[in-house]
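Engineer: What follows is a structure written as structure tokens; I'll ask about it next.
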Amino acid sequence: MLDDIWVDDSVLALRPDFAVLVMTAHGLRNGPSDDRSRAWLTAASACEVQTEKIDAWKDAYRAFGAKPQRTRPSVDALTRRMPLPEINRAVDAYNSISVRHALPIGGEDLDRYVGPARLVRASGDEASEEALGQPEPGEVIWRDDAGVTCRRWNWRQVARTRLTEETTNAIFMLERLEPMSLEELKQAGEELADLLAELSPEVRITSRLLLNGN
């Protein structure tokens, strides 16, 4: 799965500094939010908002014609929802890491994917859920063989692949732009892996870093 994921050159032309750390977690034991995941959310909610990193994502949205004040990058929307909402343990884990590092993170049910994930610029005729709306030509989207999985880079994910309490195999996309360093991106991935291992000691985690030129 990881070897087949790719980022289209047209996306990298918009932001040559883009990199994504893709992680898969097999054997996950998810469930409803508990005291442990609530503590992660509480600690993250106390962190100072890192506006420079969020502003970089707003600029990236403008580069393909989106208006970030109307459809906000995921990490921008998340930092405006303090205290962070409880969803389920796995989502609480990656939301807490997202806010700590001002890093957009998507988490999805790997078993719901049809073919590999790829980040592309939309043609405008991709299959998309009605609630999500149809992507505009040139819009940056994550997709698989069945259609859109996330619109406007990291604005909103489809219901089809969302992480639920029953999810056992998951995929996470940690998306970086400058001024975040690659070292911090890798650190965030390690922190997420540690939280997932707390939830599921037997979880098997693999990762791959995709960046311009690689």
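Engineer: Using just the C-alpha positions of the stretch 106-214 as equal point scatterers, what log10 of I(q)/I(0) does the Debye formula give at each q in 0.14, 0.17 1/Å?
Structural biologist: -0.63, -0.91
Engineer: Sort 161, 206 so the one with the fewest other Cβ atoms within 10 Å of its own Cβ comes first.
Structural biologist: Final ranking by Cβ density, sparse to dense: 206, 161.
Engineer: Assuming 0.890 mPa s and 25 °C, estimate D for the stretch 69-115 with Stokes-Einstein, Rh taken as the Kirkwood radius over Cα pairs, in µm²/s.
Structural biologist: Working: Rh = 11.7 Å.
After rounding, the answer is 210 µm²/s.
Engineer: Label-point separation (nm) for residue 9 and residue 111, each offset 7 Å from Cα along Cα-to-Cβ?
Structural biologist: Computed distance between label sites residue 9 and residue 111 equals 3.9 nm.
Engineer: With all distinct Cα pairs included, what does the Kirkwood hydrodynamic radius of the chain come out to in Å, to one decimal, could you say?
Structural biologist: Working: mean 1/r = 0.0584 Å⁻¹.
For the chain, inverting the mean 1/r across all distinct Cα pairs yields 17.1 Å.
Engineer: Another question, then. List the GluC sites (Glu not before Pro) within the stretch 103-175 that DSSP assigns to loop and that have no more than 15 neighbouring Cβ atoms inside 10 Å. List each step's numbers first, then the result.
Structural biologist: Numbers: sites: 108, 126, 129, 130, 139, 165, 166, 175; in loops: 126, 129, 130, 139, 165, 166.
Counting only loop positions with at most 15 other Cβ atoms within 10 Å, the GluC sites (Glu not before Pro) in the stretch 103-175 are 130, 165, 166.
Engineer: In 5 Å bins starting at zero, report the fraction of Cα pairs in the stretch 1-121 per bin as a rounded %.
Structural biologist: Histogram of Cα-Cα distances, whole percents per bin: 2, 10, 18, 19, 19, 17, 11, 4, 0.
Engineer: Still on this structure, please answer the following. Length gain on complete extension for the stretch residue 181 to residue 71, per 0.36 nm per residue less the alpha carbon to alpha carbon distance? Intermediate values should be presented prior to the final figure.
Structural biologist: Numbers: separation 110, 0.36 × 110 = 39.60 nm, distance 2.54 nm.
Computed gain between residue 181 and residue 71 is 37.1 nm.
Engineer: Which lysines have a Cα lying under 28 Å from the Cα of residue 186, excluding residues fewer than 8 positions away in the same chain?
Structural biologist: Cross-link targets: 53, 58.
Engineer: Continuing with this model, one more query. Report the calculated FRET efficiency for residue 49 and residue 212 (r = Cβ-Cβ distance, R0 = 35 Å), to the nearest 0.05.
Structural biologist: After rounding, the FRET efficiency stands at 0.80.
Since every read-out is calculated from the coordinates, none of them should be taken as a lab result. All figures in this text were calculated on a predicted structure; none of them were measured in a lab. In this analysis, Cβ positions are derived from the backbone assuming ideal geometry, glycine residues included, and neighbour counts consider all displayed protein chains.
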